1. Would you mind giving the total buried accessible surface between chains B and A, with a 1.4 Å probe and ligands, DNA and RNA left out, rounded to the nearest 100 Å²?
2. Output the residues of the range B:105-145 meeting this criterion: accessible area (heavy atoms, 1.4 Å probe) in the chain alone minus accessible area with all protein chains in place is 50 Å² or greater.
3. Hey, how many Å between the Cα centroid of the range A:68-134 and the Cα centroid of the range B:59-96?
4. Quick one: which residues, 5 or more positions from A:Ile85 or on another chain, have an amide H under 5 Å from its amide H? H modelled 1.01 Å from N in the peptide plane, none for Pro or chain starts.
5. For chain B, how big is Rg over Rh, using alpha carbon atoms and the Kirkwood form of Rh?
6. Per the Debye formula with a single identical scatterer at each Cα and no solvent contribution, what log10 I(q)/I(0) holds for the protein assembly as shown at q = 0.11 Å⁻¹?
7. Taking just the C-alpha trace of the range A:7-77, give me its Rg and Dmax in Å.
8. Between copies, how close do the B:Met129 label points come, placed 7 Å along Cα→Cβ, listed in nm from shortest?
There are 2 protein chains.
Amino acid sequence: MKPAIPANTVERLSLYRRLLEAWLEKGTTSLYSHQIASMACVTPAQVRRDLMAIGYTGSPSKGYSVDALEESIGLFLGSDRVRKIALVGMGNLGRALTTYFTSRVPRFRMAAAFDTDPRKTGRVIAGCMVYGIEEIPRIIPAEGIRTAVLALPADSAQEMADRLVNAGIKGILNYAPVPLRLPADVFLENRDVTASLEKVAFFSGQPREGS
Amino acid sequence: MKPAIPANTVERLSLYRRLLEAWLEKGTTSLYSHQIASMACVTPAQVRRDLMAIGYTGSPSKGYSVDALEESIGLFLGSDRVRKIALVGMGNLGRALTTYFTSRVPRFRMAAAFDTDPRKTGRVIAGCMVYGIEEIPRIIPAEGIRTAVLALPADSAQEMADRLVNAGIKGILNYAPVPLRLPADVFLENRDVTASLEKVAFFSGQPREGS
DNA sequence: GTAACGCTGTTACTGTTTTCACAACACTCA
DNA sequence: TGAGTGTTGTGAAAACAGTAACAGCGTTAC
């Protein structure tokens with residue numbers, strides 16, 4: 001994976017876009033880089049460079065046109081179309097994510113969920129149909145899903161990832177607390193909750209349980 | 001925040017530690033950097049460098065002693081003591097995180113949760129006592145909690161973060177989809193779910209809803 | 001005994017990401 | 001008109017992260 005655009009930039013663009021949407025509602029027509037920067041808590045130079053990356057150009061006098069920029073970022077990120085997402089692991093986290101996306105982020109649609117637990121399969125949970133694991137090779141290509149979220153225990157994560165990749169998945173957002181070994185052409189983002197908390201706790205300084 | 005140790009290294013150390021625990025159970029006494037690297041899906045040089053950062057020294061002939069290294073990382077990360085964590089927002093995500101940590105990661109203890117919803121406050125949910133927001137200034141210092149997790153909607157995130165910081169919180173793991181403006185001495189880690197998914201979807205190549 | 005091997009610890013390097021700094025330009029206001 | 005202000009776009013520099021390379025040294029083989 002050798003992205004022409006840095007992954008961090010993509011993440012920030014997603015944020016800018018959401019911020020711009022709010023300003024669009026308010027009827028603001030243009031914004032300067034330092035205003036966007038202030039909202040996003042980054043430097044103005046960072047904003048300008050990120051926008052340069054997608055080739056969007058503002059005007060020195062007016063700044064950036066809110067609606068044109070919002071549209072440009074949207075086009076770049078492909079947000080003009082609803083994206084189908086697959087979920088593996090309809091546990092607590094899987095349910096929370098599905099509920100969140102379904103109710104708050106219409107751009108992403110949980111098109112299919114998979115779980116090993118027969119009490120969960122064959123039903124609609126949190127607005128998403130839950131299939132058995134063995135359905136992965138059928139559903140993923142049929143639905144044309146390329147992106148998956150892994151929200152399951154450590155022990156089965158690698159196996160499920162392999163199955164997803166075999167079914168054609170090209171990007172995995174991994175919430176399982178294990179590193180995954182994947183082909184180089186599959187994009188992987190690890191969001192290990194324990195590691196995140198460990199990091200924050202570490203930099204929070206010395207905590208203590210006793211006393 | 002000017003960490004002597006890179007944040008990425010801390011995250012990897014957390015991972016190494018978990019991997020080592022598994023080997024400890026199996027009775028393995030020593031491992032080479034390339035073995036650890038392989039499990040963690042990083043390069044051997046990276047492993048050696050990370051261990052150098054915490055001052056742990058292996059032996060060229062035996063590699064690293066599994067139990068001594070596990071203990072060293074544990075000491076460095078402060079994992080020898082249980083850490084108390086505060087949670088703000090006992091929604092779906094908050095519940096999932098609490099359940100996960102309570103059942104799987106005993107090193108972190110959800111010591112207190114806070115929520116605005118009066119139907120949730122005053123009760124124990126997912127093994128964690130839920131207090132009203134107004135209790136933050138009382139509970140946080142009383143419990144000596146320095147680390148907090150934010151799992152709530154965008155609109156109230158900044159206000160809750162401010163309250164936490166005023167109560168003495170020094171590190172925040174933010175799952176709310178907004179950037180937070182915090183004093184420089186408070187460590188902040190953003191885990192914006194939408195931005196993560198946007199990134200993965202982007203690098204998954206061209207997805208489509210229609211056809 | 002000693003040569004060869006393989007690993008660690010560390011330094012030098014490479015590549016990427018972020019910040020800095022400034023030329024170029026539009027607009028304002030006298 | 002023309003100086004002054006404030007912004008963008010971008011080259012250059014700095015900071016950072018990760019990789020490669022290698023000296024040093026037990027260990028092993030013979």
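The values are calculated or read from the model by the stated rules, or taken from the named source; none is laboratory data. Everything numeric in this text was worked out from a predicted model, so none of it was measured. Using ideal geometry, Cβ is built from the backbone for each residue, glycine included, and neighbour counts are taken over all protein chains shown. Surface accessibility is based on the protein's heavy atoms, side chains included, excluding ligands, DNA and RNA. Shrake-Rupley method; radii C 1.70, N 1.55, O 1.52, S 1.80 Å.
1. 6500 Å²
2. SASA drop of 50 Å² or more in the range B:105-145: B:Phe108.
3. After rounding, the separation between the Cα centres reads 31 Å.
4. Sorted by chain and number, the residues that satisfy this are A:Arg109, A:Met110, A:Ala111, A:Ala112.
5. Value, to two decimals: 1.03.
6. -0.92
7. Expressed in Å, the Cα Rg and Dmax of the range A:7-77 come to 10.6, 30.
8. Spelled out, the distances from B:Met129's label point are 4.7 nm.
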